[in-house]
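> Pasting a structure here, questions to come.
The values are calculated or read from the model by the stated rules, or taken from the named source; none is laboratory data. Quantities reported herein were computed from a predicted structural model and do not represent experimental measurements. Positions of Cβ are backbone-derived with ideal geometry, glycine not excepted, and every protein chain shown enters the neighbour counts.
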Amino acid sequence: MQTKAAKRYAAALHSYARQHSLTTEILKQLEEFTGLWQDSPELRQVMQSPRIERFRKAKIIQAVGSRLEFSQPLTNLFNLLLDKGRLAILPALFREFEALEDMAAGRTRAHCLVAHSLTERQLGQLRQKLIKISGAKDVLIALEADPSLLAGFVVSIDGKIIDGSLKGRLNRLQHSLAR
């Protein structure tokens, strides 16, 4: 249910942001507030507490919005989520908005586990191969080190897993020998 609501709110916000050329600004602001939401259990507790009056929560949103210089449409959205009791969907809403903006810009995201850090040249080569595989205009790569891979990498992109690690090769060899 949260994902459906997050998709609807994100679609409406994204449509508005594109019409008014505010996508970059709103994405940045949404990311900031979502980070604050996720990093502050106190904020979540206060904003979700039925004991605290709505007007006090709205003042908190206004104060945070002023401090972080939120656009008015985003402040309005946060107040709407507050009214509907849906502030908890903020992380999902952010992910959905980000995905819509990625799709509109023709880019995709990849998560890459690497055994050892990559040089700029290797990262560029990986990006070019992933662009070719995905058909996207650009690929944003999130790197994460995992020495247990021994060598190589494992990439997750567009729901696909590409295992180019030594550990994966050894596992495949073990399975083929076991047959």
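> Which of the residues that make up the range 50-79 are assigned to a helix (DSSP H, G or I), without any contact (Cβ under 8 Å) to a residue 12 or more places away in the chain and of a type in the set (K, R)?
Answer for the range 50-79, where residues must be assigned to a helix (DSSP H, G or I), without any contact (Cβ under 8 Å) to a residue 12 or more places away in the chain and of a type in the set (K, R): R56, K59, R67.
> In addition: Give the range 81-95 a look and list any residue that's in contact (Cβ under 8 Å) with a residue 12 or more places away in the chain and part of a helix (DSSP H, G or I), or say none.
Scanning the range 81-95 gives L81, L82, D83, L87, A88, I89, L90, P91, A92, L93, F94, R95.
> Right, here's the next one. If A151 satisfies all but one of (1) buried (at least 16 other Cβ atoms within 10 Å of the Cβ); (2) over 21 Å from T108 (Cα atoms); (3) in contact with a helix residue (DSSP H, G or I) (Cβ under 6 Å, 6 or more places away or on another chain), what's the number of the condition it fails?
So the condition that A151 fails would be (1).
> If you go through the range 72-107, how many residues are loosely packed, with under 15 Cβ neighbours inside 10 Å, more than 17 Å from the chain's Cα centre (by Cα) and hydrophobic (A, V, I, L, M, F, W, C)?
The number of residues fulfilling the criteria is 1.
> Would a scan of the range 101-108 turn up a residue that is touching a residue at least 60 places away in the same chain (Cβ under 8 Å) and out of contact with any Gly (no Cβ under 7 Å at 6 or more places or on another chain)?
Among the residues of the range 101-108, at least one is touching a residue at least 60 places away in the same chain (Cβ under 8 Å) and out of contact with any Gly (no Cβ under 7 Å at 6 or more places or on another chain), which makes the answer yes.
> Tally time: how many residues in the range 22-68 are among the basic types (K, R) and touching a helix residue (DSSP H, G or I) at 6+ places or on another chain (Cβ under 9 Å)?
The number of residues fulfilling the criteria is 4.
> A further question follows. So, in the range 108-140, how many residues would count as being crowded, with 16+ Cβ neighbours inside 10 Å, hydroxyl-bearing (S, T, Y) and out of contact with any Asp or Glu (no Cβ under 8 Å at 6 or more places or on another chain)?
The qualifying residues number 0.
> Given S66, S21, S117, which one is assigned by TED's automatic domain parsing to the domain that holds L166 and of a type outside the set (D, E, K, R)?
Checking each option against the conditions leaves just S117.
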